[in-house]
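Here's the structure we're looking at; comments come further down.
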Amino acid sequence: DDEIWKAARIDQVPVWRIYFNIILPQLRTVLLTAVMLLGFQVVRSFDVVVALTNGGPGYA
């Protein structure tokens, strides 16, 4: 929200603190959803990687 940015700039809050205390908490649900979907995709593709590499790199 633009009012939050204006209030933070008036209070002379550093930019890094604005991101960590204002922006990231607002994006928490979006970031959590993205990480979960990426994790599901990794689990789904694991069997393909194991089948193609016979369980590991080389003869390990």
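Quick one: is TRP5 at pLDDT below 90 and part of a helix (DSSP H, G or I)? It would help to see each step written out before you state the result.
Working: at pLDDT below 90: yes; part of a helix (DSSP H, G or I): yes.
When the stated conditions are applied, TRP5 passes them.
Out of VAL49, VAL43, VAL35, which single residue is surrounded by 10 or more Cβ atoms within 10 Å (Cβ to Cβ) and modelled with pLDDT under 95?
On the way: VAL43 fails: surrounded by 10 or more Cβ atoms within 10 Å (Cβ to Cβ); VAL35 fails: modelled with pLDDT under 95.
Answer to the check: VAL49.
Among the residues of the stretch 11-60, which ones are in a loop (DSSP other than H, G, I, E, B) and polar (S, T, N, Q)? Before you say what the answer is, go through the steps one by one.
Initial filter on the stretch 11-60 (in a loop (DSSP other than H, G, I, E, B)): 11-14, 27, 54-60.
Within the stretch 11-60, GLN12, ASN54 qualify.
The values are calculated or read from the model by the stated rules, or taken from the named source; none is laboratory data. A quick note: this is a predicted structure, and the numbers were derived from the prediction, not measured. Because the Cβ atoms are built from the backbone with ideal geometry, glycine has one as well, and the counts that use them run over all protein chains shown.
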